[in-house]
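First the structure, in the form of structure tokens, and then the observations on it.
The values are calculated or read from the model by the stated rules, or taken from the named source; none is laboratory data. Every value quoted in this text rests on a predicted model; they were computed, and no experiment measured them. Backbone-built Cβ (ideal geometry, glycine too); neighbour counts: all protein chains shown.
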Amino acid sequence: MKIKYLLLIIVIVFSFNVSPQNNSGIPASFVDIGFGSRPMGMGGAFTGLANDINALMWNPAGLVSLKSDQAAFSFANQLNLIQYHFLAFGMPLSSDQGIGLGLIYSGDKAMTEMTFQAGYAISLFKDFSAGINLKYRYSSFGKNTLDPSDFQVFEQDEIQEGISDQVKGNGSGFGLDMGMLYRLNEEVQFGLMVKDIYSPIYWNSHVDNTSKQAKGSYSELIPTEVSLGTSLRLIDNVIFDVDYSPSVYKDASSKLSSGIEAKLVNIISLRAGFQHYPGVESNEKYMFGLGLDLKQVFDLSILIDYTYMIENLANTQRFSLGFSF
């Protein structure tokens with residue numbers, strides 16, 4: 001029992017000691033890049049599977065599948081620009097209930113974003129489960145220090161005016177997700193995930209220069225996303241997944257995700273997948289992943305996952321370290 005909590009502390013400490021580099025301050029508003037190396041190694045097709053701690057992000061209804069406590073930390077340097085850290089913990093409450101807690105951290109002093117998440121799932125009747133996520137989001141921006149020596153091509157008064165015009169502020173809000181899973185039989189399972197059903201963010205901004213005016217206080221909604229998924233167990237150790245995310249808004253594209261996972265000798269997992277955006281030229285993404293399940297080490301499982309994503313702008317690597325006890 002003591003080992004369980006010791007390893008949980010190790011995961012937490014490890015997650016906060018991965019120091020972010022200086023990012024470019026590219027603006028973003030809680031972008032969902034796809035968290036967890038295992039789901040992304042399967043092309044981001046996980047809605048209809050959701051059978052580990054990653055269910056917290058992909059379909060909370062899958063939290064009922066947890067047979068033991070799980071903790072995981074994931075890291076991604078998205079497009080080699082912005083670092084994302086994801087920490088999660090989940091546990092079964094009973095044979096038909098499960099819960100999960102998660103934290104996402106990204107950015108730097110120019111713009112930092114954090115999302116705290118709590119999920120709950122219950123089996124409503126045989127072969128059908130439902131889950132819900134509640135999220136709290138917080139962001140701050142403009143806290144980076146501007147050094148006048150970095151702007152030598154400008155006059156001193158121009159530099160000071162630019163620094164005083166720097167926009168600063170913060171934002172906070174909440175979110176709601178809902179998910180469902182239905183097991184048709186031992187081989188086929190269907191899933192539905194509605195992310196950010198209602199997720200407002202309330203922003204506040206200001207500038208030090210009293211003669212200037214920032215946008216002030218305003219609000220916006222995080223866009224709602226819908227995913228339909230199917231999981232098919234071809235043979236005992238091979239799983240094939242397909243997700244379809246229809247466009248909810250006119251300016252958004254639908255997405256088709258597909259992936260496969262093959263487990264060898266119950267230790268090594270090989271994964272591959274792709275994402276396709278119908279109607280959008282040259283916007284496919286390809287993923288390749290590897291997983292190691294090191295059982296019977298200090299009477300628990302150590303899970304190591306790696307995924308390499310091939311994208312148009314820049315390729316991205318993802319790493320995950322997890323424990324099951």
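So residue 23 clears everything in (1) at pLDDT 85 or above; (2) out of contact with any helix residue (DSSP H, G or I) (no Cβ under 9 Å at 6 or more places or on another chain); (3) of a type outside the set (Lys, Arg) except one condition, right? Which one? Unmet for residue 23, out of (1) at pLDDT 85 or above; (2) out of contact with any helix residue (DSSP H, G or I) (no Cβ under 9 Å at 6 or more places or on another chain); (3) of a type outside the set (Lys, Arg): (1).
Listed conditions (1) farther than 23 Å from residue 70 by Cβ; (2) assigned to a strand (DSSP E or B); (3) of a type outside the set (Phe, Trp, Tyr) are all met by residue 283, apart from (2). Going by what's in this entry, would residue 256 be described as in contact with an Asp or Glu (Cβ under 8 Å, 6 or more places away or on another chain), in a strand (DSSP E or B), farther than 30 Å from residue 197 by Cα and not charged (D, E, K, R)? Considered against the rule, which asks whether it is in contact with an Asp or Glu (Cβ under 8 Å, 6 or more places away or on another chain), in a strand (DSSP E or B), farther than 30 Å from residue 197 by Cα and not charged (D, E, K, R), residue 256 comes out as no.
Conditions (1) within 29 Å of residue 288 (Cβ to Cβ); (2) not in a loop (DSSP other than H, G, I, E, B), marked per residue:
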{"residue": "204", "(1), (2)": "no, yes"}
{"residue": "213", "(1), (2)": "no, no"}
{"residue": "220", "(1), (2)": "no, yes"}
{"residue": "228", "(1), (2)": "yes, yes"}
{"residue": "242", "(1), (2)": "yes, yes"}
{"residue": "249", "(1), (2)": "no, no"}
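Among residues of the range 201-218 that are closer than 18 Å to residue 136 by Cα and at pLDDT 85 or above, those with a Cβ under 7 angstrom from a residue that is assigned to a loop (DSSP other than H, G, I, E, B) and of a type outside the set (Lys, Arg), sequence gap 6+ or separate chain, pair up as 201/29; 201/222. Restricting attention to the range 259-276, does a residue exist that is crowded, with 16+ Cβ neighbours inside 10 Å and closer than 19 Å to residue 195 by Cα? Yes, the range 259-276 contains a residue that is crowded, with 16+ Cβ neighbours inside 10 Å and closer than 19 Å to residue 195 by Cα. One residue stands out among those in the range 300-314 that are surrounded by fewer than 22 Cβ atoms within 10 Å (Cβ to Cβ), under 18 Å from the mean Cα position of the chain (by Cα) and touching a residue at least 40 places away in the same chain (Cβ under 8 Å): the one that is farthest from residue 276 (Cα to Cα), which is 306.
Residues to consider are 129, 123, 139; find the one that is at pLDDT 80 or above, under 25 Å from the mean Cα position of the chain (by Cα), more than 24 Å from residue 70 (Cβ to Cβ) and of a type outside the set (D, E, K, R). On inspection, the qualifying residue turns out to be 139.
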